[in-house]
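A short write-up of the structure that comes next.
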Amino acid sequence: MSVQLNDDGELQHFLTTEGLEPQLLTRILDTAESFSGVIGKSVKTVPLLRGRTVINLFFESSTRTRTTFELAAKRLSADVLNVGVDTTTTKGESLLDMLHNLQAMQADMFVIRHAQSGAAEYFARHVNPGVAVLNAGDGWHAHPTQAMLDAFTIRQHKGAFEPLRIAIVGDIRHSRVARSQIHAFNGLGAGEIRVVAPNTLLPADVDSLGVQVFNDLSAGLRDVDVVIALRLQRERMQGALLPSEAEFFRHYGLTEARLQTAHPEAIVMHPGPINRGVEIDSALADGPRSVILDQVTNGIAVRMAVMTMVLGVAPDNTRATS
Amino acid sequence: MSRILIRNGRLIDPASGLDELGDIAVADGRIVGLGGNVSDFTPDTQIDAKGQWVIPGLIDLAARKADIASEARAAAAGGITTLVMPPDTDPVMDTPSVIDWVQHRADAAKGARVVPLGALTHGNQGTTLSSMAALAAAGCPAMSDGGTPISDSLVLRRALEYAHTFSLPSLLTPLDQSLAGGFLHEGPTATRLGLAGVPVAAETAGLGRQIAVAKAAAARVHFGRLSSAEGVRLLSAARNDNRALSADVAIHHLFLTDQDAMDYDARFHINPPLRDIVDRQALRQALADGVIEVICSDHQPHDTDAKAGPFASTAAGASAIDTLLGLVLRLVEDEVVSLSAALASVTIAPARLLGLESGQLAQGAPADLVVVDPHSPWFCNAQTLNSRGANSPFIGWEFSARVCHTLVDGRLVHHTPE
């Protein structure tokens, strides 16, 4: 997994949060914090990636993630090209051909989303030296910028990670977000990470990722400081994994009432887009505990941070603070 | 036909227990003299095997999807004199004419023999029985499900019964396909990588059903490619009560585990999947205990494109004929089995299963022989692979023994220059 680190242990790609040193994870958050000021100011751009080309290569459709990557790149003064790819062209050789063609356009960075686990790592192993790959989601494997923006949001609201109990609720099995969150939060020293789901939505040996496993929602939410609901893909709701949306919501849907066992100041998060009334009740999603919109805003600063770090142009002051 | 005398080799024959220095004389495709100093024999060709081993040529119970000509020659270079080909070819080997065509291609290659397995059912569809008697007459020593289990248990029973009528063993794939929709062993590695897993139950659910049906059919049944400790336990118990059952293991399952795929290296995308270290140990123990009698290469050469791309989009299977002998000998170095037992698993054991005359050093037996230099190390890399498939999981490994000469049917089909 060291393909994302260079010989000095610095990020040259950002593929996964797994195996990263706490200092590096913290540095991502600190760098993001230095950019989060930029967003509030009237001048919203910095010239760190001026003259660089960022290609958003999305094999799966996405509005929010692609948009925040695009905004992040533009605020760093990069040139941005969005390439949407028909998912029928997923054969190995054509993937490589496409990559080589796009590289010929002097791209400095690829932001890649792909339906298959390992796709971003595959690209990272085949790009030219000096070209960075950012994983914007690969299959069920990883979505590291999402996890880091979640960590950023948690730090913003809760401070240090050590005392925190964090519960992730819902479809863990198919979730790249959950996997990246678990690795990131563990790396940052979170006190306890729980996953809460019916057995059909848990991957085999999930405890090996470093989590406590709960089938019962109220037990899983007891005394937690952070509750993260995951998106449940609609196509998974009928058939062999779950009997119905209604039954899922009855047992695993987040509502204010079900949060009674949680810490009184527990925050509620969701990586979006929300299925209201399936994973989470509207009143809770829009209520005072919800930090869901903060997550979206923070996504820009976190992606700016990672984009500058993989190209080795992150502001020096943030490195000094780590 | 040429007359060949192999002199002063260490003759190792697991079938008879022979292990001594001596000569072997070959004429008309057969072994005509064996052991000691063969005299009264005028050879056209002499091979000096001093310091080398002379062993029966390997019989590889499963080698697939090959360009027949290139792979038959690559097999010979790897010490394999017989490639047994499952029937899931295109077209499926379910009629004598397809068998004839395959054998014609193999004969023209002048490499290893190719022994075709007939399909148990038409088109491997699992619905109607193939013309097994005709397939046997055309040269198929056994019938096979070709990697696709017959899901209808009644059809399976009838197919086994019918094959047994003609003394044909049936080679089955222990698998429940509805549980097998994944890419890696179900466990921590697959969970970490975000890959759909194949549980051990995919093997045991299929195996358990097939054991029950085999007993009902009172047929000779062989299970191909066991991968798990649970599978070994199930087979071991079943064999206590039904000696007409046997099994093989693919060589890579004795050396690799799912963790080898941890960087999404598609060379380790294999079916059945590489499992964990406990499974690997159980398979090794099963070999030592005789519960598993046969080792095969499960050779599946792929072109580079088929192994390029994200893990789940790549073709499953490993290129394995080049390293079969080296790895079998490594089992001896690892003290898993004796040299005789190791060689038996790739010679006389598959020969007995299929009723072949080869697989042994015996007076009158077919002269399918390999001369091996046990102290001639080589590295497995893209240059040393003879197979067209570069998808070897063992690239970078070093092996201690090299094949010097391979004889098939008394003909020298491979010779490694000094």
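The values are calculated or read from the model by the stated rules, or taken from the named source; none is laboratory data. On a predicted model such as this, the values are computed, not experimentally measured, just so you know. Quick reminder, even Gly has a Cβ in these numbers, built from the backbone with ideal geometry, and neighbours come from all protein chains shown.
Look at region A:242-257: where a residue is under 11 Å from A:VAL169 (Cβ atoms) and of a type in the set (D, E, K, R), no partner that is at pLDDT below 95 and surrounded by 13 or more Cβ atoms within 10 Å (Cβ to Cβ) sits 6+ places away or on another chain with Cβ atoms under 8 Å. For region B:12-49: of the residues being within 29 Å of the chain's Cα centre (by Cα) and outside any strand (DSSP E or B), which is nearest to B:ARG73 (Cα to Cα)? Selected residue: B:GLY29. Within region B:35-49, the only residue that satisfies the criterion of being within 12 Å of B:GLY22 (Cα to Cα) and either without any contact (Cβ under 8 Å) to a residue 12 or more places away in the chain or not assigned by TED's automatic domain parsing to the domain that holds B:SER376 (or both) is B:SER39. Among the residues making up region B:50-84, those that are surrounded by fewer than 23 Cβ atoms within 10 Å (Cβ to Cβ) and outside any helix (DSSP H, G or I) are B:LYS50, B:GLY51, B:TRP53, B:ARG64, B:LYS65, B:ASP67.
Residue-wise test of (1) within 14 Å of chain A (Cβ to nearest Cβ); (2) within 21 Å of the chain's Cα centre (by Cα).
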{"residue": "B:GLY309", "(1), (2)": "yes, no"}
{"residue": "B:LEU331", "(1), (2)": "no, yes"}
{"residue": "B:GLY359", "(1), (2)": "no, yes"}
{"residue": "B:SER387", "(1), (2)": "no, yes"}
{"residue": "B:SER392", "(1), (2)": "no, yes"}
{"residue": "B:THR406", "(1), (2)": "no, yes"}
{"residue": "B:GLY410", "(1), (2)": "no, no"}
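Any residue at all in region B:387-406 that is modelled with pLDDT under 95, of a type in the set (Ser, Thr, Tyr) and within 21 Å of B:VAL114 (Cα to Cα)? Yes, region B:387-406 contains a residue that is modelled with pLDDT under 95, of a type in the set (Ser, Thr, Tyr) and within 21 Å of B:VAL114 (Cα to Cα). Of all residues in region B:93-115, which are within 19 Å of the chain's Cα centre (by Cα) and either under 15 Å from B:ASP368 (Cβ atoms) or modelled with pLDDT of 95 or more (or both)? Once the filter is applied, which keeps residues that are within 19 Å of the chain's Cα centre (by Cα) and either under 15 Å from B:ASP368 (Cβ atoms) or modelled with pLDDT of 95 or more (or both), region B:93-115 yields B:ALA106, B:GLY111, B:ALA112, B:ARG113, B:VAL114, B:VAL115. Does region A:154-165 contain at least one residue that is surrounded by 24 or more Cβ atoms within 10 Å (Cβ to Cβ), away from every other protein chain (no Cβ under 12 Å) and not aromatic (Phe, Trp, Tyr)? Scanning region A:154-165 turns up at least one residue that is surrounded by 24 or more Cβ atoms within 10 Å (Cβ to Cβ), away from every other protein chain (no Cβ under 12 Å) and not aromatic (Phe, Trp, Tyr). Among the conditions (1) touching a strand residue (DSSP E or B) at 6+ places or on another chain (Cβ under 8 Å); (2) under 30 Å from B:ALA25 (Cβ atoms); (3) without any contact (Cβ under 8 Å) to a residue 60 or more places away in the chain, B:GLU398 misses just one, which is (2). So, A:THR88, is that one under 21 Å from the mean Cα position of the chain (by Cα), modelled with pLDDT under 85 and of a type outside the set (Asp, Glu) or not? Here the answer is no, as A:THR88 does not meet what is asked. Checking region B:284-303 against the condition returns no match, with no residue being within 14 Å of chain A (Cβ to nearest Cβ) and either assigned to a helix (DSSP H, G or I) or under 15 Å from the mean Cα position of the chain (by Cα) (or both). If we scan region B:374-385, do we find a residue that is surrounded by fewer than 20 Cβ atoms within 10 Å (Cβ to Cβ), among the hydroxyl-bearing types (Ser, Thr, Tyr), outside the structural domain of B:LEU254 (by TED's automatic domain parsing) and free of Cβ contacts under 8 Å to residues at least 60 places away in the same chain? Within region B:374-385 (the criterion being surrounded by fewer than 20 Cβ atoms within 10 Å (Cβ to Cβ), among the hydroxyl-bearing types (Ser, Thr, Tyr), outside the structural domain of B:LEU254 (by TED's automatic domain parsing) and free of Cβ contacts under 8 Å to residues at least 60 places away in the same chain), the answer is yes, since at least one residue qualifies. Taking every residue in region B:332-344 that is in the same structural domain as B:VAL291 (by TED's automatic domain parsing) and pairing it with any residue that is among the charged types (D, E, K, R), at least 6 positions away or on another chain, the pairs with Cβ-Cβ distances below 6 Å are B:VAL336/B:ARG284. Where helices (runs of 4 or more DSSP H) sit wholly within region B:161-271, those with at least 1 residues that are in contact with a Ser or Thr (Cβ under 8 Å, 6 or more places away or on another chain), surrounded by fewer than 24 Cβ atoms within 10 Å (Cβ to Cβ) and away from chain A (no Cβ under 14 Å) occupy B:201-217, B:229-241.
If you filter region A:93-118 down to residues that are more than 12 Å from chain B (Cβ to nearest Cβ) and of a type in the set (S, T, N, Q), you find that the one that is surrounded by the most Cβ atoms within 10 Å (Cβ to Cβ) is A:GLN103.
Please determine whether any residue of region A:144-163 is under 18 Å from A:ILE274 (Cβ atoms), modelled with pLDDT of 95 or more and among the acidic types (Asp, Glu). Within region A:144-163 (the criterion being under 18 Å from A:ILE274 (Cβ atoms), modelled with pLDDT of 95 or more and among the acidic types (Asp, Glu)), the answer is yes, since at least one residue qualifies. For the criterion of being among the acidic types (Asp, Glu), away from chain B (no Cβ under 12 Å) and within 18 Å of the chain's Cα centre (by Cα), A:GLU121 fails. Among the residues making up region A:201-248, those that are under 16 Å from A:ASP281 (Cβ atoms) and touching a Lys or Arg at 6+ places or on another chain (Cβ under 7 Å) are A:LEU217, A:SER218, A:LEU221. Of the residues making up region A:191-220, just one is within 14 Å of another protein chain (Cβ to nearest Cβ), closer than 17 Å to A:PRO163 by Cα and not hydrophobic (A, V, I, L, M, F, W, C), namely A:GLY210. Is there a residue being within 30 Å of B:LEU117 (Cα to Cα), β-branched (Val, Ile, Thr) and surrounded by fewer than 17 Cβ atoms within 10 Å (Cβ to Cβ) anywhere in region B:334-349? No, there is no match, as no residue in region B:334-349 is within 30 Å of B:LEU117 (Cα to Cα), β-branched (Val, Ile, Thr) and surrounded by fewer than 17 Cβ atoms within 10 Å (Cβ to Cβ). Looking only at region A:272-291, residues that are buried (at least 17 other Cβ atoms within 10 Å of the Cβ), over 20 Å from the mean Cα position of the chain (by Cα) and over 14 Å from A:ASP171 (Cα atoms) come to 3 in all.
Among the criteria (1) at pLDDT 90 or above; (2) more than 14 Å from chain B (Cβ to nearest Cβ), the one A:GLY37 does not fulfil is (1). Looking at the structure I just gave you, is B:ALA320 within 22 Å of B:VAL115 (Cβ to Cβ) and not assigned by TED's automatic domain parsing to the domain that holds B:GLU71? Spelling it out, it is not the case that B:ALA320 is within 22 Å of B:VAL115 (Cβ to Cβ) and not assigned by TED's automatic domain parsing to the domain that holds B:GLU71.
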